[in-house]
C-alpha cells in the first residue's frame, strides 16, 4: 500500500434528487493498494456515492477524482481506468466463460494477443481450464463470483469497485473470494468494496460507515473498535446505524 | 402430524443430481434452517415443497397434504419468499399487499394482526413503488405478502441476502414472533449467526443432507482442536500457517485466523516460534471453542 499515492479523493461530494439529499458533502481519500471497505445501512447513500465515483452519475455539487480523472467532467476516462463488479450484474449468462473474458477485455481496449495469453493464465489460475466452453449460467454462484472478479481486473486497472460481491455466497466460497482480493491488493490494485458481512469489514485496511448520507466514521477496523469500545465491527456498525433517521 | 414430512426425495436435472434421497421432517412451530453452498440443492427443495416442480422419486407432505395430489390446497396454505425479489416493482407497497391478499381470497384487514409488527415499519411509505425500496424494506414487504393469507408454513429462501446487519437482526426478531404464533418456518441462509437462531439445522452439500441437529449439537460434535491466530500481517500469516506442519486447516475469520491443529505435532509455543522465525510480529495465539461457522468450514472442506 502506498500512502503517498491517492487514487480516490472526494471533497464535499453531494447528490440531491429533488429535495432529497442522498449523499451529503462527503470528503475522503483512498490510497493506492488499499483495501477500502465502504459500509452503511440500506438507504444510507452508499450505492449513490459509488455510482458517482464510477462515473455513472454526475454529482450535484462538490468534486471527486478517481484514478486521476475528474468524476464530473471526465467520467468516460474514469470508466476506462477502473474495474467494476456488482452482485446484480457481472457476466453474460448466455456466453461461454472464454467469451465473457474476450468481450470485457476487448471493451477495455486490450490487444488480441494479450487477451489470448492472459486468458490462458487466468483459466489456469482459477482451475477453470475444463470450463472454458461452459455457459456462465451453468456455473455455480461461487464460481461466477470468482470469474466475475477476475474479469473485472483482467485489464489491470488501478482501482476495482466491488458492490456486495459476496452477497448470498456461502462461508467457504466467500473466503476463497477474499483470498483473490488479497492477491489483487498485493499486486497494487486498490480495492473499493461494499459488503454487509462484518467479518469482511475486518479484512479491510480502512472502513468508512455511511449513515443518512454522511460518513459517520472512517478508520482502520482496529481503531474503530477502540473508538467505540467494542470487540467486533458488527458492534461498531450497530452503534452507528441504529442512530439512522432515514425510514430506510 | 409433522408440519413438513419429506421421504426419499430425489431430483435430477438432466445428468445433474440436484437432490439425492433426502428425508427429514419439521415439527409445527419449528424454525428449521437449511445451510449449504450454492448449488447444494436448497432452492430445488423449496420448489418441490411449495409444489412448483415435481421430484423424480420420493414423497412429501405439508401439513398432512401431499405435494403432488393436494398441490392446490397446499398453495393456499403456504407462504413463499424466493431468493430473488418477488414483488411487482412498479406497484406500490400497498398495491403489492392488496394484490397478494386478493389472490388468496382475503383482505389486508382480515389478517392485519399477523403482519402488523412488520408492515407498520413500512406502512408510512405505502405509496412508494416497490422498485424504489431499499433492501431491508423490500424484505419486510415480501414477508408481509408471504404472510397475508395466514399460512401454516413459511418457506424463506435466503431472505436476508443483501440486507444490512441491523435490518437482518430485526427480520429475525420478526421470525421469532411468528414462531410464537405457531407458524412453521423453513429457511435457508448463508449467514452462520442466523443458523444459530434456528431450532434445528440441516447441512446440505451436493444434494445430500449431511447432518440434521440443533446448532448446539453440531458444535458439540466438533472434535478438532481449534486455535485463533493473529499477527501484524494477516495476509502473509494465512499463507504461512497453511505451510506449517501440524496445521490441518486455516481459514480467515475476520480479525483472526482459525486453525485446526494436530496436537501431537504442534503446540502453541512451537507455532509461535515458527511464526517468529518467518518474521511475524505481534503474534497472538489462543485456544478457542468452535462456532457453527467452524463446523461449516470443516464439513465444506471434506
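Angle between the Cα long axis of helix A:97-107 and the longest principal axis of chain A, 0 to 90 degrees, nearest 10? On a 0 to 90 degree scale, this one is about 60.
Per residue of B:160-170, other chain Cβ atoms within 10 Å of the residue Cβ number 6 on average. Ordering of B:256-269, B:48-61 by packing is B:48-61, B:256-269, highest average first (other Cβ atoms within 10 Å, averaged per residue). Kirkwood Rh, Cα Rg: Rg to Rh for chain A? Ratio of gyration radius to Kirkwood radius for chain A: 0.97. Dividing the alpha-carbon radius of gyration of segment B:222-300 by the rule-of-thumb value 2.2 N^0.38 Å gives 1.00. The distance separating the Cα centre of segment A:74-127 from that of segment B:1-29 comes to 40 Å. Given R₀ = 56 Å, what would the calculated FRET efficiency be for residue A:235 paired with residue A:113, taking r from the Cβ atoms and rounding to 0.05? That pair, residue A:235 with residue A:113, gives E of 0.60. The mean count of C-beta atoms from other chains within 10 Å of the C-beta of residues in B:132-145, rounded to a whole number, is 2. Taking a ≥ b ≥ c as the square roots of the Cα gyration tensor eigenvalues, with a/c under 1.5 meaning rounded and otherwise prolate when a/b beats b/c, else oblate, which class fits segment A:1-77? Since a/c reaches 1.5 but b/c is at least a/b, the shape of segment A:1-77 is classed as oblate. With both labels modelled 7 Å from their Cα along Cα-to-Cβ, the residue B:89 to residue A:58 distance reads 2.5 nm.
Comparing Cα centroids, segment B:32-87 and segment B:258-302 end up 41 angstrom apart.
GNM on chain A, alpha-carbon springs under 10 angstrom: the most fluctuating residue among A:49, A:201, A:172 is A:172. By its C-alpha gyration tensor, with a ≥ b ≥ c as the square roots of the eigenvalues, how is segment A:80-133 shaped: rounded for a/c under 1.5, else prolate for a/b larger than b/c, else oblate? In terms of gyration-tensor shape, oblate. Between helix B:93-103 and chain B there is an angle of about 60 degrees, using the helix long axis and the longest principal axis of the Cα atoms. With each label modelled as a point 7 angstrom along the Cα→C-beta vector, the residue A:243-residue A:137 pair spans 4.8 nm. Applying 1/(1 + (r/R0)^6) with R0 = 35 Å to the Cβ-Cβ distance of residue B:127 and residue B:20 gives a FRET efficiency near 0.15.
Each Cα pair under 8 Å and six or more residues apart adds its sequence gap; the mean of these over the residue count of segment A:2-241 is a relative contact order of 26 percent.
Rounded to the nearest 0.05, the FRET efficiency derived from the C-beta distance between residue B:117 and residue A:96 at R0 = 56 Å is 0.70. Taking chain B as a Gaussian network of alpha-carbon nodes connected by springs under 10 Å, the highest mean-square fluctuation of the residues B:122, B:204, B:148 belongs to B:122. Neighbouring Cβ atoms from other chains, within 10 Å of the Cβ of residues in B:253-262, number 3 on average. When the square roots of the Cα gyration tensor eigenvalues are ordered a ≥ b ≥ c, the ratio a/c for segment B:158-217 is 1.5 or more and a/b does not exceed b/c, which makes its shape oblate.
Only helices enter the 222 nm calculation for chain A: every DSSP H run of n ≥ 4 contributes -39,500 (n - 2.57), and dividing by all residues gives -10500 deg cm²/dmol, rounded to 500.
For chain A, modelled as a GNM whose springs connect Cα atoms under 10 angstrom apart, the maximal fluctuation among A:52, A:110, A:233 occurs at A:110.
Spin-label pair residue A:25-residue A:176: with each label point 7 Å from Cα along the Cα-Cβ axis, the two points sit 4.7 nm from one another. Angle of helix A:141-152 to the longest C-alpha principal axis of chain A, folded into 0 to 90 degrees and rounded to 10: 90°. Residues of segment A:56-73 with the amide nitrogen closer than 19 Å to a label point 7 Å from the Cα of residue A:187, along Cα-to-Cβ, please. Answer for segment A:56-73: A:67.
Taking every DSSP helix (H) stretch of at least 4 residues in chain B, weighting each as -39,500 (n - 2.57) and dividing the sum by the residue count yields a mean residue ellipticity at 222 nm of -10000 deg cm²/dmol.
Values in this text are rule-based calculations from the coordinates and carry no lab data. None of these values were measured; they are calculated from a predicted model. Please note: Cβ atoms are built from the backbone with ideal geometry, for glycine as well, and neighbour counts cover all protein chains shown.
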